[in-house]
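A short write-up of the structure that comes next.
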Amino acid sequence: MAGSDDSALMRVAETTTGYMEVDPPFAGDGERWSRFEEEVGEKLSEYDVRLSPPERRWLLAYIWGGDAEASYRWAYGITESRGAGNRLSRTVRMRKALSAYYHAAGLTDEAIVGELCSVAFTRSGDVVDEEWEIKAPGEISGEHLSAVAGVENGKFGKKFKMHDKMRALELLAKIRGMLVDRSDVTFHGDLEARLCAARTRLSEDPGDG
């Protein structure tokens, strides 16, 4: 139950070396953090996600920086977390909260695969014209624009960089099960024959007994 999770986590917090002011994950970027906090709050409210103040602070910091333990220390104002952040991330309540946020933010399986497809299957002709000049933003579809990593002014005009096409193809292939990480050990015929012969000799050897 959520209540028992909270109690266990609080006991962990109470057994640490003490409470202190921990540097927030947004140090030096308070304005951006405020916008982020408001955005996350709106997304969670769509799914009626209710969290305690420390849980909410942990969730915000975790989404912001991805460090469960550092987020926990900041959220609960303690010096050591001793794995409590990772345990909190695995509770049913927090998994639901994270799932609700990612869904509201559009981070669904379909969206991720769609973005990978945009990178993998966009061709240079989709973003440049016959003179190899990058097209105006209005002339590039949103799907193809997702494949552009950036544009900058170079010595001979604007130049653009595409996201890694081969990496996107590799990830898609893994999702489809076309690529599997495995160790493939092949026995050649002569080696296999020698091994079989050795096993035969061992089975026929009466030993010293």
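The values are calculated or read from the model by the stated rules, or taken from the named source; none is laboratory data. Keep in mind that this is a model prediction, so the values were computed, not measured. No Cβ is skipped: glycine too gets one built from the backbone with ideal geometry, and neighbour counts run over all protein chains shown.
Details
- Matching entry among A168, A105, A136, A147 (being surrounded by fewer than 13 Cβ atoms within 10 Å (Cβ to Cβ) and among the aliphatic types (A, V, I, L, M)): A136
Residue-by-condition table, conditions (1) touching a residue at least 40 places away in the same chain (Cβ under 8 Å); (2) in contact with a Phe, Trp or Tyr (Cβ under 7 Å, 6 or more places away or on another chain); (3) at negative phi:
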| residue | (1), (2), (3) |
| --- | --- |
| Y102 | no, no, yes |
| G106 | no, no, no |
| C117 | yes, no, yes |
| T122 | yes, no, yes |
| E131 | no, no, yes |
| S141 | no, no, yes |
| S146 | no, no, yes |
| G154 | no, no, yes |
| K159 | no, no, yes |
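- Answer residue from region 76-116, given it is polar (S, T, N, Q) and assigned to a loop (DSSP other than H, G, I, E, B) and is nearest to A168 (Cα to Cα) among those: T108
For every residue, the table says whether it meets (1) closer than 21 Å to F36 by Cβ; (2) in the same structural domain as V40 (by TED's automatic domain parsing); (3) of a type in the set (D, E, K, R); (4) touching a Leu at 6+ places or on another chain (Cβ under 6 Å).
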site: D67; (1), (2), (3), (4): yes, yes, yes, no
site: V113; (1), (2), (3), (4): no, no, no, no
site: R123; (1), (2), (3), (4): no, no, yes, no
site: V128; (1), (2), (3), (4): no, no, no, no
site: E131; (1), (2), (3), (4): no, no, yes, no
site: G142; (1), (2), (3), (4): no, no, no, no
site: M166; (1), (2), (3), (4): no, no, no, no
site: L169; (1), (2), (3), (4): no, no, no, no
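- Out of E131, E110, E139, sole residue that is of a type in the set (D, E) and within 27 Å of K43 (Cα to Cα): E110
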